[in-house]
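See structure below.
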Amino acid sequence: MSIRDVYIVDAVRTPIGKFGGALAGVRPDDLAAHVVRALVDRTPALDPARIDDVVFGDANGAGEDNRDVARMAVLLAGLPVSVPGVTVNRLCGSGLEAVIQAARAIALGDASVAIAGGVESMTRAPFVLQKPERAFPAGHQQMYSTTLGWRMTNPRMPEEWTVSLGEGAELVADKHGISREAQDAFALESHRKAAAAWSAGLYDREVVPYPDVALERDECIREGSTPEALARLKPAFRPDGTVTAGNASPLNDGAAALLLVDEEGLAATGREPLARIRASAVTGIEPQLFGLGPVEAVQRVLAKAGRGFGDLTTVELNEAFAAQALGCLAEWPELDPALVNPRGGAIAIGHPLGASGARLAGSVAHQLAAAGSGTGLAALCIGVGQGIALVLER
């Protein structure tokens, strides 16, 4: 059996909304349906009935996204009911996992055309209540927020594994001696690059605003932020720590999707592809050091692709925290940091968990298409200790 080439024909995303912001009133299944519909509308030569599967990442799944949000998106987008949908969860890497799984199906001949993406509404993540162990309890019951982080943790988990995500970022800062000043400077640069990219129109082809919502661009970008403003923020996780709300990614709402095809599917679209998928990798690490998860994943994916850091022309590394991103870069001395997140990163753009991986893959594809050629990398750290990476080429 021969392995087929897999192409990215198009990639779209919503503007990323802030927690409780412009997209707070939009259900996650509607966000997902919007980007699916946008992809189909932008490729009118493709019969939607030819779509073999829709794969979506979703990190929460506890609220309105609870019943296979990929299938809900298919139906809400008005695609033929014959188009199936499946939802995958690799936490922060879910959107990229969706791309990888859809690409794998195409490469193996199980599909010719697929949509892959991700969605998250952290604003609308519900509070949940466990069922009591016995009927009619007289005492109070604990309610959990499903917005972010550990909940209903298994007591058999070692305590050092179940620290908060922010404490995990502090551990990475400790490991690599990353100062508060370095983290704040990295965050400021993320905002500067994102604002410059929007001003230059670099996101115009990629971003599809949600109808009847007054949000045309990413909502968390702070163009006017200064070193002095960031320095005034208090540490968020340790009294004497270095991680603050200013040098960490915010809580967000948004969705992203990509159209993937083989050669036959490409002919059916009548379009030129943005990029070709070359290789993927996923790895594990100690849960408390989740921020360094991409380190080994990137090394593995480059080896699979037969490429080195010197071959890369653009890199999208998810900025869950400045400390985490800087920790990864410290372990990749061969990588030119100027290639990383040239249009801004998650600290400025936002990190809607299940959507971020698809956003990164789509951004790399658009950057390669704009350049006309090159090799791109997308990578994310994942809570509970994993890393995921994808290499694209044009």
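Counting helices only, and only those DSSP H runs with n ≥ 4, report the 222 nm mean residue ellipticity of the chain as the sum of -39,500 (n - 2.57) divided by its residues, in deg cm²/dmol to the nearest 500. Intermediate values should be presented prior to the final figure.
Details: 11 runs with 125 residues, N = 394.
Per the formula, -9500 deg cm²/dmol.
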Checklist entry - Counting only protein heavy atoms and using a 1.4 Å probe, what share of the accessible area of the chain belongs to carbon plus sulfur, as a whole percent? => result 52
Checklist entry - Between the stretch 147-162 and the stretch 115-130, how many Å separate their Cα centres? => result 19
Item to check | Förster radius 30 Å - calculated FRET efficiency between E286 and F127, Cβ distance, rounded to 0.05 | outcome: 0.50
Checklist entry - Hey, what's the Cα Rg ratio for the chain versus the globular rule of thumb, 2.2 N^0.38 Å? => result 0.95
Item to check | Long pairs among K131/K234; K175/K234; K131/K175, criterion Cα-Cα beyond 31 Å | outcome: K131/K234; K131/K175
Checklist entry - Averaged per residue, what accessible surface does the chain expose to a 1.4 Å probe, in Å²? => result 41
Checklist entry - From the phi of every residue in the stretch 6-23, what ³J(HN,Hα) in whole Hz does the Karplus formula 6.51 cos²θ - 1.76 cosθ + 1.60 yield, where θ is phi - 60° and glycine or proline is x? => result 10, 10, 9, 7, 7, 8, 9, 8, 6, x, 8, x, 7, 4, x, x, 5, 9
Checklist outcome for this item: Shape descriptor, the stretch 170-266: equivalent ellipsoid semi-axes (Cα gyration tensor, sqrt 5λ, whole Å, largest first) stand at 33, 18, 13
Next on the checklist: At R0 = 25 Å, how high is the FRET efficiency between S179 and E159 if r is their beta carbon distance? Nearest 0.05 is fine.
Outcome noted: 0.35
Next on the checklist: Compute the distance from the alpha-carbon center of the stretch 190-221 to that of the stretch 72-92, in whole Å.
Outcome noted: 25
Checklist outcome for this item: Under 11 Å by backbone N from the virtual spin label 7 Å along Cα-to-Cβ at R205, the residues of the stretch 266-280 are 272-275
Next on the checklist: I'd like to verify something in the chain: which complete DSSP H helices, judged by Cα projection on the helix axis, reach 27 Å or more and average at least 0.0 on the Kyte-Doolittle scale?
Outcome noted: 353-371
Next on the checklist: Which of rounded, prolate or oblate describes the stretch 124-170 when judged by the alpha-carbon gyration tensor and an a/c cut-off of 1.5?
Outcome noted: oblate
Checklist entry - With the Cα gyration tensor of the stretch 2-129 giving a ≥ b ≥ c as the square roots of its eigenvalues, does the rule (a/c under 1.5 for rounded; else a/b larger than b/c for prolate; else oblate) give rounded, prolate or oblate? => result prolate
Next on the checklist: Relative contact order for the stretch 166-293: what percent, with Cα pairs under 8 Å and sequence separation of 6 or more?
Outcome noted: 36
Next on the checklist: Relative contact order for the chain: what percent, with Cα pairs under 8 Å and sequence separation of 6 or more?
Outcome noted: 28
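The values are calculated or read from the model by the stated rules, or taken from the named source; none is laboratory data. Bear in mind the structure is a predicted one, so any value in this text is a computation, not a measurement. As a convention, Cβ positions derive from the backbone with ideal geometry for all residues, glycine included, and neighbour counts pool all protein chains shown. Accessible surface is based on the protein model in full, side chains and every heavy atom, while ligands, DNA and RNA are left aside. Shrake-Rupley method; radii C 1.70, N 1.55, O 1.52, S 1.80 Å.
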